[in-house]
Amino acid sequence: MGTEAALPSDSLTASGAVFDLSHRSKLRIGGSDRQRYLNGQISNDLRKATATSAIQACVLTAKGKIDAEVFLAADGESFLLDSDPGVGETLSARLERYIIADDVSVEDVTDVFALFHVVGAGVPPVSANELRRASARLGETGTDIWIARAEYSAVRQTLSQMLPIFDEAATEILRVERGLPRWGHELTGEIIPTEANLEERAIDYAKGCYIGQEVISRIKMSGQTNKRLCGLRVENSTALPVGFRLVATDDRKDVGWITSSVVSPRFGTIALGFLKRGYQEVGSNFHAVPGASAQSGAPVPVTVVPLPFV
């Protein structure tokens with residue numbers, strides 16, 4: 001039997017790895033108006049989502065803030081959409097709210113499908129009824145494998161004999177090393193996609209209108225955001241709790257906050273966090289101090305570094 005990977009590698013493509021994403025929320029969007037309707041709800045161009053290739057996109061509010069980060073692919077007369085765990089119910093309600101006279105259906109299929117993401121050398125079929133799509137979820141292109149939930153245990157066993165399966169802790173280290181935002185950490189209902197560095201992966205500036213587009217276009221024209229997701233490094237590997245605030249070393253001005261923190265085998269303690277405009281220059285030094293959601297702990301010196309860390 002294959003091993004469960006404990007540490008990420010520099011090149012997943014070279015070594016290969018499996019990520020179990022079955023816990024993600026999943027929706028099926030059907031109906032004859034599905035493409036026109038759904039394209040008016042997401043920040044990317046739905047025409048790029050095919051039966052063999054998934055796209056990344058954001059569902060936004062009218063103010064350009066994120067309701068959900070999603071991946072979508074075509075599946076016959078419908079689209080399959082997956083998002084972070086726990087988002088499905090609110091996302092389903094959000095999508096249904098804008099269905100007026102459209103022939104569109106929104107079905108929660110979280111318990112219908114299991115989902116694995118494979119990066120690396122080609123993996124042979126693991127199920128007679130599997131659905132495969134290329135997607136770039138972890139900083140490089142891999143393959144999504146959708147299977148019936150009833151086949152989950154058997155397929156996981158088969159995949160583990162081919163490639164290591166990354167556990168949750170190792171996946172989190174890899175995510176932070178690659179500077180990828182995650183719902184509930186970097187992505188919340190108060191964040192605009194460009195602030196979380198999602199413009200290249202999840203936004204198509206040439207597509208037609210969608211909810212929140214006006215705000216996104218205005219930010220592109222100005223070239224400025226109020227805050228930006230940055231990489232932070234702790235030289236002495238001191239623990240850096242999520243929720244710590246970032247303050248300037250001279251005047252103690254509050255300029256940001258920590259959203260994710262891990263201890264990387266290669267880089268020591270590293271973190272992701274938002275810094276306000278004017279404080280994002282690489283090499284800048286700040287102190288991370290306890291905030292409202294992190295009540296105790298000594299100040300920790302941090303330095304802004306480029307993303308991704310790898």
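Report, in debye and to the nearest 20, how large the dipole of the chain comes out about its Cα centre when Lys and Arg carry +1 and Asp and Glu carry -1 on their Cβ.
Numbers: 32 positive and 38 negative charges, 149 e Å.
Dipole magnitude for the chain comes out near 720 debye.
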State the label only: which of (i) 66, 41, 38; (ii) 60, 51, 31; (iii) 82, 51, 42 corresponds to Cα extents along the principal axes in Å computed from the shown model? (ii)
As a percent rounded to 5, the proportion of antiparallel DSSP bridges among beta bridges in the chain is 95
Using amide H atoms built 1.01 Å from N in the peptide plane, name the residues 5+ places from Thr110, or on other chains, whose amide H lies under 5 Å from its own. Lys26
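Send over a whole-number figure in Å² for the accessible area per residue of region 33-123, probe 1.4 Å. Let's see the in-between values first.
Values: 3640 Å² over 91 residues.
Counting only protein heavy atoms, the per-residue value for region 33-123 is 40 Å².
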Keeping the other protein chains in place, figure out the carbon and sulfur percent of the accessible area of region 154-265, with a 1.4 Å probe. 50
Please give every one of the aspartates and glutamates within straight-line cross-link reach of Lys48, meaning a C-alpha to C-alpha distance under 15 Å, and leave out same-chain neighbours fewer than 8 residues apart. Asp75, Glu200, Asp204
In this structure, the FRET efficiency calculated for Arg178 and Ala101 from their beta-carbon separation, with R0 = 51 Å, to the nearest 0.05, is 0.75
With all protein chains present, calculate the accessible area of Lys48 using a 1.4 Å probe and round the result to the nearest 10 Å². 90
Mean separation of Cα contacts under 8 Å (at least 6 apart) over the residue count of region 186-310, i.e. the relative contact order in percent, is 26
With the chain treated as a Gaussian network of Cα nodes joined by springs under 10 Å, which of Asp144, Asp167, Asp102 yields the largest mean-square fluctuation? Asp102
Kirkwood-Stokes translational diffusion coefficient of region 175-291, alpha-carbon pairs, 37 °C, 0.692 mPa s, µm²/s: 216
For the chain, what is the relative contact order in percent, using Cα pairs closer than 8 Å and at least 6 residues apart in sequence? 20
Please work out the average accessible area per residue across region 153-200, using the 1.4 Å probe convention, and give it in Å². 38
Region 174-245 and region 73-107: distance between their alpha carbon centers, rounded to Å: 23
Ranked by GNM mean-square fluctuation in the chain (Cα springs under 10 Å), the top entry among Ala114, Ala51, Ala298 is Ala298
Compute a Gaussian network model of the chain, connecting alpha carbons closer than 10 Å, and tell me which residue from Asp251, Asp20, Asp45 fluctuates the most. Asp251
Table column - 3J(HN,Hα) (Hz), region 298-310, Karplus curve with 6.51, -1.76, 1.60, x for Gly and Pro: 7, x, 10, x, 10, 10, 6, 10, x, 9, x, 5, 6
Counting only pairs 8 or more residues apart or on different chains, how many lysine pairs in region 161-310 have their Cα atoms under 25 Å apart? 5
Quick check: residue separation of Asn226 and Glu77 times 0.36 nm, minus the Cα distance between them. What number comes out in nm? 49.6 nm
Kindly provide the pair-distance distribution of region 18-58 built from C-alpha pairs, with 5 Å bins from 0 and whole-percent values in order of increasing distance. 5, 18, 24, 29, 14, 8, 2, 0
Once phi is turned into θ = phi - 60°, what whole-Hz ³J(HN,Hα) does the Karplus curve with 6.51, -1.76 and 1.60 give for every residue of region 204-210, x standing for Gly and Pro? 10, 6, 9, 6, x, 5, 8
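The values are calculated or read from the model by the stated rules, or taken from the named source; none is laboratory data. Please read all numbers here as calculations on a predicted model, not as lab measurements. Using ideal geometry, Cβ is built from the backbone for each residue, glycine included, and neighbour counts are taken over all protein chains shown. We work out accessible area using only protein heavy atoms, side chains counted, and drop any ligands, DNA or RNA first. Shrake-Rupley method; radii C 1.70, N 1.55, O 1.52, S 1.80 Å.
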